[in-house]
Amino acid sequence: MEIKVLGSGCPNCKRLLANVEAAVKELGIKADIRYVTDFMDIVNAGIMHTPGLIVDDQIVSTGRVINVEDIKRLLK
Amino acid sequence: MIVFEWINDQLLKMDWLHAIFEWLFGTVFGLSQETIWYQSLTFFFYDVIKIFILLSVLIFLSTFIQSYFPPERTRKILGRFHGIGANSLAALLGTVTPFCSCSSIPIFIGFTQAGLPVGVTFSFLISSPLVDLASVLLLASIFNWKIALAYVLVGLVIAVSGGTLISAFKMEKYVEGFVTAAPASAMAEPRIDDSRMSFKERLRFALGGVGQIIRRVWLYILIGVAIGAVIHGVIPQTLIETVLGAQNPFSVLLATLVGIPMYADIFGTLPIAEALVFKGVGVGTVLAFMMAVTALSLPSLVMLKRVVKTKLLVTFVGIVTLGIILMGYLFNAISFLFI
């Protein structure tokens with residue numbers, strides 16, 4: 001599973017990254033988590049409203065910080 | 001009209017809350033009304049609690065409405081319009097579209113790649129931090145509805161004219177090349193579209209929004225209220241009147257220039273604005289200060305610098321600053337119409 005968190009470093013983006021890492025750890029699954037901060041990469045991935053969450057090349061959410069429980073549900 | 005005033009006084013100004021603290025510090029603790037402690041403490045506690053209540057309710061409502069206007073949808077809508085109509089619509093949509101400053105670059109790039117003129121994108125970027133539902137209601141709570149609506153109107157005018165001027169000066173060429181040169185793969189519709197949320201999802205989104213914003217701004221609010229309390233209780237009226245009052249023709253200029261390098265959430269400027277108004281500072285001067293603090297922020301300017309060349313950035317800052325200053329003087333001149 002490849003998970004990408006896209007954002008340019010503001011607190012919300014970092015929070016989403018932390019939540020994703022916690023969710024993956026709690027689920028005990030193997031996932032490759034990447035934090036994408038380059039603007040062009042973010043836009044080319046189809047995200048305009050950061051923070052964005054992409055799982056296995058599918059855009060899961062844009063513009064919000066999802067909490068750990070919801071991320072766990074999304075990843076299952 | 002009386003009902004309206006009651007709503008304004010009790011729900012927005014929360015006179016009852018102020019009365020509670022006046023009682024607490026005056027009667028229970030026995031502080032004399034003249035002392036600095038009484039003035040500052042009553043103001044501090046009343047204002048902190050009032051702002052957090054207002055903040056939660058207003059952010060909840062705003063975020064709920066905003067769930068209907070994700071940037072992707074705004075971009076699609078704007079693509080269908082041209083000229084000043086597009087600028088006006090961009091300015092209007094900017095007021096209901098939320099984004100934190102780190103989104104301003106992706107949004108800029110996204111809009112530009114979709115073919116939206118630079119001016120239209122800037123109208124959006126100017127109005128977004130300047131005007132939104134929450135700040136309008138806040139202003140109504142400090143002043144009154146007429147001023148709040150006038151603020152919205154002027155904010156929109158600044159956004160529309162700013163964007164139109166930027167287009168008129170043909171500043172497209174000052175956008176960094178890599179922005180427009182990138183492939184249009186960004187046009188893909190996200191598979192989960194924000195605008196297709198269910199009602200319950202929107203409620204949760206709105207609640208989440210409140211939590212996020214409070215986490216982000218609580219410190220600004222405490223600092224703002226502390227400064228307001230100092231202004232209220234400690235700084236002598238005469239000093240404020242001399243520097244920022246109606247007699248000083250430079251008050252608007254000063255308020256704007258001081259506000260620009262500062263960045264705080266509008267909720268943090270509210271208590272300072274309240275205290276200044278209480279001490280007799282002109283409406284226009286206070287509005288100019290609030291606008292200067294919220295419209296231009298160092299974080300988003302630093303980010304914009306990466307996608308537009310300096311000349312365009314400077315033009316953008318210059319136009320917005322001028323607009324704010326003009327608006328400040330205008331409001332001071334015609335304030336008798338509003339108060």
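Yes/no matrix, rows are residues, columns are (1) of a type in the set (K, R); (2) within 14 Å of chain A (Cβ to nearest Cβ); (3) buried (at least 18 other Cβ atoms within 10 Å of the Cβ); (4) part of a helix (DSSP H, G or I):
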{"site": "B:L239", "(1), (2), (3), (4)": "no, no, no, yes"}
{"site": "B:P249", "(1), (2), (3), (4)": "no, no, no, no"}
{"site": "B:F267", "(1), (2), (3), (4)": "no, no, yes, yes"}
{"site": "B:G280", "(1), (2), (3), (4)": "no, no, no, no"}
{"site": "B:I319", "(1), (2), (3), (4)": "no, no, yes, yes"}
Review point. Take the residues of region B:76-87 that are buried (at least 22 other Cβ atoms within 10 Å of the Cβ) and closer than 15 Å to B:F108 by Cα: which is nearest to the other protein chains (Cβ to nearest Cβ)?
Key: B:L78
Review point. What is the residue count in region B:2-45 for residues that are more than 26 Å from the chain's Cα centre (by Cα) and not in a helix (DSSP H, G or I)?
Key: 7
Exercise for review: Please work out if B:L116 is part of a loop (DSSP other than H, G, I, E, B), out of contact with any strand residue (DSSP E or B) (no Cβ under 8 Å at 6 or more places or on another chain), farther than 22 Å from A:P51 by Cβ and modelled with pLDDT under 80.
Suggested key: no
Review point. Which one of B:L165, B:L116, B:L137 is under 13 Å from the mean Cα position of the chain (by Cα) and either surrounded by fewer than 21 Cβ atoms within 10 Å (Cβ to Cβ) or in contact (Cβ under 8 Å) with a residue 24 or more places away in the chain (or both)?
Key: B:L137
Point to revise | Unmet requirement for A:R15, which otherwise passes all of (1) within 13 Å of chain B (Cβ to nearest Cβ); (2) of a type outside the set (F, W, Y); (3) touching a residue at least 40 places away in the same chain (Cβ under 8 Å); (4) crowded, with 23+ Cβ neighbours inside 10 Å | key: (4)
**Study point:** Residues satisfying the stated conditions in region B:12-55, i.e. over 25 Å from B:I227 (Cβ atoms) and either in contact (Cβ under 8 Å) with a residue 24 or more places away in the chain or of a type in the set (V, I, T) (or both)
**Key:** B:T27, B:V28
Review point. In region A:33-44, how many residues are at the interface with chain B (Cβ under 9 Å from one of its Cβ atoms), surrounded by fewer than 22 Cβ atoms within 10 Å (Cβ to Cβ) and hydrophobic (A, V, I, L, M, F, W, C)?
Key: 1
Exercise for review: Considering only chain A, give the helices (runs of 4 or more DSSP H) lying wholly within it that have at least 1 residues that are at pLDDT below 85, more than 25 Å from B:Q113 (Cβ to Cβ) and not β-branched (V, I, T).
Suggested key: A:11-27, A:68-75
Exercise for review: Could you check B:C102 against (1) modelled with pLDDT of 85 or more; (2) within 14 Å of another protein chain (Cβ to nearest Cβ) and say which number it fails?
Suggested key: (1)
Study note, to complete from the structure: Residue set B:A182, B:A226; condition surrounded by 15 or more Cβ atoms within 10 Å (Cβ to Cβ), modelled with pLDDT under 75 and not basic (K, R); output residue B:A182
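The values are calculated or read from the model by the stated rules, or taken from the named source; none is laboratory data. For clarity, every value in this text was computed on a predicted model and none was experimentally measured. FYI the Cβ positions are ideal-geometry reconstructions off the backbone, even for glycines, and counts take in every protein chain you see.
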